[in-house]
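Read through the structure below, which is laid out as structure tokens, and then see the notes.
The values are calculated or read from the model by the stated rules, or taken from the named source; none is laboratory data. Everything numeric here is computed off the predicted structure, so don't read it as measured data. Note: ideal-geometry Cβ built from the backbone for every residue, glycine included; neighbour counts use all protein chains shown. Accessible surface areas use protein heavy atoms only, side chains included; no ligands, DNA or RNA. Shrake-Rupley method; radii C 1.70, N 1.55, O 1.52, S 1.80 Å.
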Amino acid sequence: MERFLTEEQQMIVDIARQITDELIIPNRAELDKHHQFPREILNAIAQADLMGLSIPEDYGGYGGSIFDSILAIEEFGRGCIAVGTAYAASGLGVLPLIVAGSDEQKQTYLPPVASGEKFAAFGLTEANAGSDASGIRTTAVLDGDQWVLNGTKQWITNGGEAQIYLVVAMTDKSRGARGASIFIVEDGDPGFSCGPKEHKMGICASSTTELIFKDCRIPQDRLVGRKGTGFITVMKTLDSSRPGIAALGVGLAQGALDMAVTYAKQREQFGKPIISFQAVQHMLADMATQTEAARALTYAAAKHIDANPKDMSKASSMCKVFATDVAMKVTTDAVQVMGGYGYMCEYPAEKMMRDAKILQIYEGTNQVQRNVIGQELNKEYNR
Ligand code: COS
């Protein structure tokens, strides 16, 4: 369906599409099999000037909207959401800086991420703090003119591959959500290390590690925003980034649909291509309709957020939950349409289905998204 993009937006799609067709799709199976971080592909994305899409122009980026950036993410997701995740996670990593960082911090840390010279990562989750984001236990204590961090972050995307980490730590445990603050930690800071890469069900080419802080000392000026405002910055960060996860879902669903239709036109049973059977047609019809609906909501949500930065939560959660549930359903149905071939590791359908699952879990489970939507509805109808 017509997407009503501007010339610039169509250019973003065209460049991302070319990278996806020429570099991501031909290499995704090998990257997945060997759990290999897609460094060369990310370098190509950087060379095409797409790393800094949502970074302001003053800091070396393209200065695009959230809508602009999800167009690229959707295309990469069509090829492989492990690559899309590594790409989007670098953008997520610097979002707290864009939301709350000082001009000096932005001047220092944003240009190398915009150029792709450095990658970023966002460190929030811990063993006992996932959905309960304010339950984190990592601490930061001011000692002279240095912050001392202690604790362990878990399941951090781009861990071990990034050079810049935006890390959430408690500066005052007694104040709960109001006692959290955000810090910039650099690869090589004393007392900071990353754990080994986790083995995952899907998105195997992306890197997921622990971040370990043992008396990690960083300069005082690495605090992002005011002390104690970290939780709000985290919430704003995630509200801005969740349309990107929705876009990965839309892209993945599109990739699975393309594959299933192509297969159904070629595969013959009972002397006819299986697409001529209504049972298969109905599955494909639902897959196509759901993918278009997910795209429409994701685009509408991104545009709403760009225009209303103070009213992001509901739209952001709605597109995340809908598009990622669609991605799970469409990839599962693609495997079904392809039958035995769909189930074999030799073909891409099974990877797509394995990959889809994480979309319903990370950057806030789909259950948390439904809570957010429900709470927002409750507030709206009280007004
Ligand atoms: N934008 C701005 N402020 C927000 C906000 C948002 N989206 N959501 C909450 N806040 C504010 C609240 O207004 C409240 O402020 P005050 O203390 O001034 O009243 C404060 O933040 C605490 O809010 P709340 O009490 O609602 O927080 P909860 O601890 O109940 O947590 C959820 C709310 C569940 C929504 C939050 O913890 C969450 O998003 N969890 C999922 C985290 C996640 O995505 N994890 C995945 C890993 S990150 S890649």
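Tell me, yes or no, whether the range 346-359 has at least one residue that is within 10 Å of the ligand (Cβ to nearest atom) and either more than 19 Å from the chain's Cα centre (by Cα) or modelled with pLDDT under 95 (or both).
Of the range 346-359, the ones within 10 Å of the ligand (Cβ to nearest atom) are none.
No - not one qualifying residue is present in the range 346-359.
Here is a yes/no grid of residues against (1) in contact with a His (Cβ under 7 Å, 6 or more places away or on another chain); (2) within 23 Å of Thr237 (Cβ to Cβ); (3) of a type outside the set (A, V, I, L, M, F, W, C):
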{"site": "Ala307", "(1), (2), (3)": "no, yes, no"}
{"site": "Met312", "(1), (2), (3)": "no, yes, no"}
{"site": "Thr331", "(1), (2), (3)": "no, no, yes"}
{"site": "Gly339", "(1), (2), (3)": "no, no, yes"}
{"site": "Cys345", "(1), (2), (3)": "no, no, no"}
{"site": "Thr365", "(1), (2), (3)": "no, yes, yes"}
{"site": "Asn371", "(1), (2), (3)": "no, yes, yes"}
{"site": "Asn378", "(1), (2), (3)": "no, no, yes"}
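Could you grab me the full set of residues in the range 1-21 that are hydrophobic (A, V, I, L, M, F, W, C) and closer than 17 Å to Tyr87 by Cα?
Initially, the range 1-21 is screened for residues hydrophobic (A, V, I, L, M, F, W, C), giving 1, 4-5, 11-13, 15-16, 19.
Answer for the range 1-21, where residues must be hydrophobic (A, V, I, L, M, F, W, C) and closer than 17 Å to Tyr87 by Cα: Ile12, Val13, Ile15, Ala16, Ile19.
Which one is farthest from the ligand (Cβ to nearest atom), of the residues in the range 204-215 that are in contact (Cβ under 8 Å) with a residue 60 or more places away in the chain and not polar (S, T, N, Q)?
Step by step, filter the range 204-215, then rank; the result is Asp215.
Is it the case, given these coordinates, that Arg17 is touching a Cys at 6+ places or on another chain (Cβ under 6 Å) and either surrounded by 17 or more Cβ atoms within 10 Å (Cβ to Cβ) or outside any helix (DSSP H, G or I) (or both)?
On the way: touching a Cys at 6+ places or on another chain (Cβ under 6 Å): no; either surrounded by 17 or more Cβ atoms within 10 Å (Cβ to Cβ) or outside any helix (DSSP H, G or I) (or both): yes.
Here the answer is no, as Arg17 does not meet what is asked.
From (1) surrounded by fewer than 24 Cβ atoms within 10 Å (Cβ to Cβ); (2) out of contact with any Asp or Glu (no Cβ under 7 Å at 6 or more places or on another chain); (3) more than 29 Å from His199 (Cβ to Cβ), pick out the condition that doesn't hold for Ala44.
Looking at each condition in turn, Ala44 falls short on (3).
For the range 186-226, enumerate the residues that are in contact with an Asp or Glu (Cβ under 9 Å, 6 or more places away or on another chain), farther than 23 Å from Asn128 by Cβ and of a type outside the set (S, T, N, Q).
Pro190, Gly202, Ile203, Cys204, Ala205, Arg217, Ile218, Pro219, Asp221, Arg222
Please go through (1) in contact with a Leu (Cβ under 6 Å, 6 or more places away or on another chain); (2) open to solvent by 60 Å² or more (accessible area, probe 1.4 Å); (3) over 23 Å from Tyr381 (Cα atoms) for Phe322 and return the number of the only condition it doesn't satisfy.
Unmet for Phe322, out of (1) in contact with a Leu (Cβ under 6 Å, 6 or more places away or on another chain); (2) open to solvent by 60 Å² or more (accessible area, probe 1.4 Å); (3) over 23 Å from Tyr381 (Cα atoms): (3).
Which of the residues belonging to the range 20-48 are in a loop (DSSP other than H, G, I, E, B) and either touching a Phe, Trp or Tyr at 6+ places or on another chain (Cβ under 7 Å) or polar (S, T, N, Q) (or both)? Lay out the reasoning, then the answer.
To start, the set of residues in the range 20-48 that are in a loop (DSSP other than H, G, I, E, B) comprises 34-38, 48.
Gln36 - this is the single residue of the range 20-48 that is in a loop (DSSP other than H, G, I, E, B) and either touching a Phe, Trp or Tyr at 6+ places or on another chain (Cβ under 7 Å) or polar (S, T, N, Q) (or both).
For the range 63-81, state whether one or more residues are free of Cβ contacts under 8 Å to residues at least 40 places away in the same chain and more than 18 Å from Phe122 (Cβ to Cβ).
If we filter the range 63-81 for residues that are free of Cβ contacts under 8 Å to residues at least 40 places away in the same chain, which is where we start, we get 63.
Checking which are more than 18 Å from Phe122 (Cβ to Cβ) leaves us with 63.
Yes, because at least one residue in the range 63-81 is free of Cβ contacts under 8 Å to residues at least 40 places away in the same chain and more than 18 Å from Phe122 (Cβ to Cβ).
Does Leu95 satisfy the criteria of being within 17 Å of the chain's Cα centre (by Cα) and either open to solvent by 30 Å² or more (accessible area, probe 1.4 Å) or aliphatic (A, V, I, L, M) (or both)?
yes
Quick one: which residue in Gly61, Gly77 is crowded, with 20+ Cβ neighbours inside 10 Å and either within 16 Å of the ligand (Cβ to nearest atom) or assigned to a loop (DSSP other than H, G, I, E, B) (or both)? Break it down into steps so the answer makes sense when it comes.
Working: Gly77 fails: either within 16 Å of the ligand (Cβ to nearest atom) or assigned to a loop (DSSP other than H, G, I, E, B) (or both).
On inspection, the qualifying residue turns out to be Gly61.
For the range 168-199, what are the residues that are among the small types (Gly, Ala, Ser) and surrounded by 20 or more Cβ atoms within 10 Å (Cβ to Cβ)? Step through it out loud before you land on a result.
From the range 168-199, those among the small types (Gly, Ala, Ser) are 169, 174, 176-177, 179-181, 188, 191, 193, 195; that's our starting set.
Ala169, Ala180, Ser181, listed by residue number.
Quick one: in the range 301-319, of everything that is open to solvent by 10 Å² or more (accessible area, probe 1.4 Å) and within 14 Å of Gln367 (Cα to Cα), which residue is nearest to the ligand (Cβ to nearest atom)?
Going residue by residue through the range 301-319, those that are open to solvent by 10 Å² or more (accessible area, probe 1.4 Å) are 303-304, 306-315, 318.
Among the residues that remain, those that are also within 14 Å of Gln367 (Cα to Cα) are: 314, 318.
On the way: Lys314: 9, Met318: 13 Å.
Looking at residues that are open to solvent by 10 Å² or more (accessible area, probe 1.4 Å) and within 14 Å of Gln367 (Cα to Cα), I get Lys314.
Would you call Ile203 modelled with pLDDT of 95 or more, touching a strand residue (DSSP E or B) at 6+ places or on another chain (Cβ under 7 Å) and not aromatic (Phe, Trp, Tyr)? Full working, then the answer.
Numbers: modelled with pLDDT of 95 or more: yes; touching a strand residue (DSSP E or B) at 6+ places or on another chain (Cβ under 7 Å): no; not aromatic (Phe, Trp, Tyr): yes.
No: the conditions fail for Ile203.
If we keep just the residues of the range 216-258 that are charged (D, E, K, R) and closer than 30 Å to Ile25 by Cβ, which is farthest from the ligand (Cβ to nearest atom)? Don't jump to the end; show me each part of the working.
First, pick out the residues of the range 216-258 that are charged (D, E, K, R): 217, 221-222, 226-227, 236, 239, 242, 258.
Now narrow it down to the ones that are closer than 30 Å to Ile25 by Cβ: 242, 258.
Details: Arg242: 8, Asp258: 29 Å.
If we take residues in the range 216-258 being charged (D, E, K, R) and closer than 30 Å to Ile25 by Cβ, then Asp258 is farthest from the ligand (Cβ to nearest atom).
Within the group Arg354, Arg295, Arg383, Arg370, which residue is in contact (Cβ under 8 Å) with a residue 60 or more places away in the chain and open to solvent by 50 Å² or more (accessible area, probe 1.4 Å)?
Details: Arg295 fails: open to solvent by 50 Å² or more (accessible area, probe 1.4 Å); Arg383 fails: in contact (Cβ under 8 Å) with a residue 60 or more places away in the chain; Arg370 fails: in contact (Cβ under 8 Å) with a residue 60 or more places away in the chain.
So the residue among Arg354, Arg295, Arg383, Arg370 that is in contact (Cβ under 8 Å) with a residue 60 or more places away in the chain and open to solvent by 50 Å² or more (accessible area, probe 1.4 Å) is Arg354.
Take the conditions of a type in the set (Val, Ile, Thr) and open to solvent by 10 Å² or more (accessible area, probe 1.4 Å) and apply them to Thr237. Does it pass?
No; evaluated as a whole, the condition is false for this residue.
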